[in-house]
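Chemist: Just passing along the structure, written as structure tokens.
Here, each number is a calculation from the coordinates, and none is a lab measurement. Everything quoted here is computed from the prediction, not taken from an experiment. In this analysis, Cβ positions are derived from the backbone assuming ideal geometry, glycine residues included, and neighbour counts consider all displayed protein chains.
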Amino acid sequence: QVQLVESGGGLVQAGGSLRLSCAASGMRFSPDTMGWYRQAPGKQRELVATMTSGGTTNYADSVKVQFTVSRDNAKNTVYLQMNTLKPEDTAVYYCYAKLFSFDYWGQGTQVTVSS
């Protein structure tokens, strides 16, 4: 059974930093793509950043300067370093993994940025 387990969310003041981690288990192969999406209250889930197993990244324009995605293929783990956080970054952050044609999601971790 595939599981994505996130950690690292929490409450931080504007301008602060957080680092999210997500470990995938139950996969025989390393995911093709791993990354992060987020969903703010009253809004649709949106892409934050992803990285392929080969290292190609894809970022939302709104976070390109602030956030950095990275992964450890050997551990099937993806990270999201979030700097200079703003109140508008407040959302539930979901870990995402794609293996062949299957999409997997974590339970989500809350990130709250206070002004």
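Chemist: How many angstrom lie between the C-alpha centres of region 89-115 and region 11-44?
Modeler: 4
Chemist: According to a simple spin-label model (label point 7 Å from Cα along Cα-to-Cβ), what is the distance in nm between residue 114 and residue 39?
Modeler: 2.6
Chemist: For region 1-54, what class follows from the C-alpha gyration tensor (a ≥ b ≥ c being the square roots of its eigenvalues): rounded when a/c is under 1.5, otherwise prolate if a/b is larger than b/c, else oblate?
Modeler: Because a/c hits 1.5 or more and a/b exceeds b/c, region 1-54 counts as prolate.
Chemist: Can I ask one more? Remind me, relative contact order of the chain in percent, using alpha carbon pairs under 8 angstrom and six or more residues apart?
Modeler: Once divided by the residue count of the chain, the mean separation gives 36 percent.
Chemist: Taking 0.36 nm per residue of separation and subtracting the Cα-Cα distance, what length does fully extending residue 47 through residue 74 add?
Modeler: Here the answer is 7.3 nm.
Chemist: Under 10 Å, Cα contacts only: if you run a Gaussian network model on the chain, which one of 35, 54, 15 comes out with the highest mean-square fluctuation?
Modeler: 54
Chemist: Related question: Could you work out how much longer the chain between residue 62 and residue 13 gets when fully extended? Use 0.36 nm per residue separation minus the Cα distance between them, nm to one decimal.
Modeler: 15.8 nm
Chemist: What share of the DSSP beta bridges in the chain is antiparallel, in percent to the nearest 5?
Modeler: DSSP beta bridges in the chain are roughly 90 percent antiparallel.
Chemist: Still on this structure, please answer the following. Hey, what did region 1-60 get for relative contact order, percent, Cα under 8 Å, at least 6 apart?
Modeler: Working: 77 pairs, mean separation 14.7, N = 60.
Result for region 1-60 is 25 percent.
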